[in-house]
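The block underneath contains the structure these notes are about, expressed in structure tokens.
The values are calculated or read from the model by the stated rules, or taken from the named source; none is laboratory data. Only a predicted model underlies this, so the values are computations on that prediction, with no experimental measurement involved. Note: ideal-geometry Cβ built from the backbone for every residue, glycine included; neighbour counts use all protein chains shown.
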Amino acid sequence: MQFLLASGNNPVSHVLDAPVRIGGMEPYSGLTLQVVTLFVGLIAFVAVLLYASKNISTGKEALGHRRYLSRGRIAQVIEVMCLYLRDDMLTPMMGKKDAHKFAPFLLTLFFLILSLNLIGMVPMQDLQLITGTWIEDAQLAVVGGTATANIAVNAVLAFFVFIVIQAHGFRELGVKGWLEHLCGGHELVAGPKGLWLVVPIIFVVEVLGLIIKPAALCIRLFANMFGGHTLLATLLMFGGMTWAGTNSGLATAGVTLVSGIFAILITFMELFVAFLQAFVFMFLSAVFISLMSHHEEEAEAHELDGATAAAH
């Protein structure tokens, strides 16, 4: 019965961050469970990708033609995911040049967020610990929670995306071109003077967009991860609520069975969401970066216009 009541009365408490506790020491607010989970995710992320890169690289000559094949299922899966994301998702949208240039950054975002999402699915905050009590009264609480359910973690990731977007914009467009982009583009700025009346409005909207775009990445990831885990915790607390309201073992068992089935289904959905949100964060980052690029068709059009003018 203690297991049925383990979820407590507040599902949000299973998602919110909490300080690390070791033995009888006072909790240290500067070091929290999600911070530790973040570093665990980073270590796992680096270790798995280093292992995969070692097994994807060309092997020894003694292996013959097999030296060009990836070794191990993990390496093969990661290689397929990288090639698919780069060639079928990033290249059609960004162009081959920018896709290859930004693939390391974007794929790092994808696999890092995916690692944090998957580790967050392990219910370490709800596991029975050494003392036989649950996390609220445990004498040992070191790791747990979902780092991407912390808006501060997502804000840092979004900030790096913001820096990359603006750096690419300055490099690709130059300072003048970057300012013209904020004013609606060269065609509008160099166009009829009557259209200049809308330039201040476009400028304000574009400047706000510089902040709104990375903020949207941050909030979307936070809301999906926080909401999904809250829903799962809510389902798991139905058994305890039934017992507290009826004190009936039969009713509690029935409600727990039904809510447990739905919790399993939601867990599979959360597994899908873990991959989906990592992909969405990466893909939208690529979209925002590509908006600051000279597209190939635009370059061809400018070259054609230049050739036509030279001919005349």
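Data table
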item	result
Single residue of N150, N154 found to be modelled with pLDDT under 90, surrounded by 14 or more Cβ atoms within 10 Å (Cβ to Cβ) and among the polar types (S, T, N, Q)	N150
Enumeration of residues in region 167-193 that are part of a helix (DSSP H, G or I) and surrounded by fewer than 14 Cβ atoms within 10 Å (Cβ to Cβ)	A167, F170, R171, G174, V175, K176, L179, H186, E187, K193
Unique residue being of a type in the set (D, E, K, R), in contact with a Gly (Cβ under 9 Å, 6 or more places away or on another chain) and modelled with pLDDT of 75 or more when the list is E270, E296	E270
Failed criterion for T242 (all others in (1) touching a helix residue (DSSP H, G or I) at 6+ places or on another chain (Cβ under 7 Å); (2) among the β-branched types (V, I, T); (3) loosely packed, with under 12 Cβ neighbours inside 10 Å hold)	(3)
Test: residue in region 210-231 that is in contact with a Gly (Cβ under 9 Å, 6 or more places away or on another chain), at pLDDT 75 or above and part of a helix (DSSP H, G or I)	yes
Some residue of region 234-253 being more than 31 Å from the chain's Cα centre (by Cα) and outside any helix (DSSP H, G or I)	yes
Region 101-116, residues that are touching a Ser or Thr at 6+ places or on another chain (Cβ under 8 Å) and either farther than 17 Å from I165 by Cβ or among the basic types (K, R) (or both)	I113, L116
Residue pairs meeting the criteria (Cβ under 9 Å; at least 6 apart or on separate chains; first closer than 19 Å to L83 by Cβ and touching a residue at least 24 places away in the same chain (Cβ under 8 Å), in region 58-72; second of a type in the set (G, A, S) and surrounded by 13 or more Cβ atoms within 10 Å (Cβ to Cβ))	none
Helices (runs of 4 or more DSSP H) completely within region 31-95 that count 1 or more residues being among the aromatic types (F, W, Y) and surrounded by 15 or more Cβ atoms within 10 Å (Cβ to Cβ)	33-56
First in region 242-268 and farther than 23 Å from V122 by Cα, second anywhere and outside any helix (DSSP H, G or I), Cβ under 7 Å, 6 or more apart	W243/L4; W243/L5; T252/L4
Where a residue in region 108-122 is more than 13 Å from M225 (Cβ to Cβ) and touching a residue at least 60 places away in the same chain (Cβ under 8 Å) and its partner, wherever it lies, is among the aromatic types (F, W, Y) and buried (at least 22 other Cβ atoms within 10 Å of the Cβ), with Cβ under 9 Å and at least six apart	L109/F281; F110/F281
Residue check for L257: part of a helix (DSSP H, G or I), more than 24 Å from H181 (Cβ to Cβ), under 23 Å from the mean Cα position of the chain (by Cα) and modelled with pLDDT of 80 or more	no
